[in-house]
Amino acid sequence: EAIAENLVSLKGLICPVMNARRGQVYNALFFADGDSLTRLCPDRALAADDLAAELRAREDPFYLIGDGVDVATAALGDLTPLPCPTPVAEQNAAGVALAAYHLYEAGVRTTDRDLSPLYLRLPQAEREPLEKEQETKTLSVRRQGAGDLGAMSVEEFAKLVNDEVYEQTSKYLNK
């Protein structure tokens, strides 16, 4: 939204894109009437090819802005965005301030404690181990006090848990 605020004085479809890596962009679509923005979809992470297909289907001229322009443009093929004024083509503090001001005008008040990040997909540090586990059909196991036990199959993990339950139960029953 803050990126789209940079073009609020224009009229038309505004397509902010942030590079999400791996051929994806973070995106939302807005319509600017020269004075205000209307959000057309929620914030999302999607493949640049999917965004290109959506823009192609809309058949509306559009402005493409943000640090993901190169990723999105590569997927657009012969679809050409409207030229965007260079000084406002990427994220900046003015867009964030405008978005905050519009919320303030609408009566929205918040504190820093009420703010929280909106994750549109898992962070790389969480996603890559999960992908590896899915590929190898293993689990990454850590044990409190013992640290990383490495990767093991579901069957190995089940045996580890069963053995631990047996051991703890035996200690309790033998008291």
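The values are calculated or read from the model by the stated rules, or taken from the named source; none is laboratory data. Note that the structure is a prediction, hence the values are computed from the model and not measured. Positions of Cβ are backbone-derived with ideal geometry, glycine not excepted, and every protein chain shown enters the neighbour counts. What goes into the accessible areas is simple: the full protein's heavy atoms, side chains included, and nothing from ligands, DNA or RNA. Shrake-Rupley method; radii C 1.70, N 1.55, O 1.52, S 1.80 Å.
Computed from label points 7 Å out along Cα-Cβ, the spacing between GLU133 and GLU59 is 4.7 nm.
Amide H to amide H distances under 5 Å link TYR63 with LEU13, ILE14, CYS15, LEU82, where only residues 5 or more positions off or on other chains count and H is placed in the peptide plane. Ordered from longest to shortest, the equivalent ellipsoid semi-axes for segment 114-174 are 31, 18, 9 Å, each the square root of 5 times a Cα gyration tensor eigenvalue. Hydropathy at least -1.0 by Kyte-Doolittle, axial extent at least 24 angstrom from the Cα trace: which helices of the chain, defined as entire DSSP H runs, fit? Helices meeting the criterion: 154-173. Solvent exposure of the chain amounts to 68 Å² per residue of accessible area, where only protein heavy atoms count and the probe is 1.4 Å.
Annotation: amide H-H contacts under 5 Å for LEU29 (H modelled 1.01 Å from N, sequence separation of 5 or more, or interchain): LEU40, CYS41.
For log10 I(q)/I(0) by the Debye sum over Cα atoms at q = 0.09, 0.11, 0.17, 0.18 Å⁻¹, one of (i) -0.31, -0.46, -1.03, -1.13; (ii) -0.33, -0.50, -1.21, -1.34; (iii) -0.51, -0.64, -1.05, -1.14 was computed from the structure I shared and the rest are decoys. Which label? Checked against the structure: label (iii). Applying both filters, DSSP loop and at most 15 other Cβ atoms within 10 Å, to the GluC sites (Glu not before Pro) of segment 1-104 gives GLU59.
If you average the alpha carbon positions of segment 36-55 and of segment 122-164, how far apart do those two centres end up, in angstrom? After rounding, the separation between the Cα centres reads 36 Å.
Close amide H pairs (under 5 Å, H built 1.01 Å from N) link LEU149 with VAL141, ARG142, ARG143, residues at least 5 positions away or on another chain. Length available on full extension from THR38 to ALA125: 0.36 nm per residue minus the Cα-Cα distance, which gives 27.9 nm.
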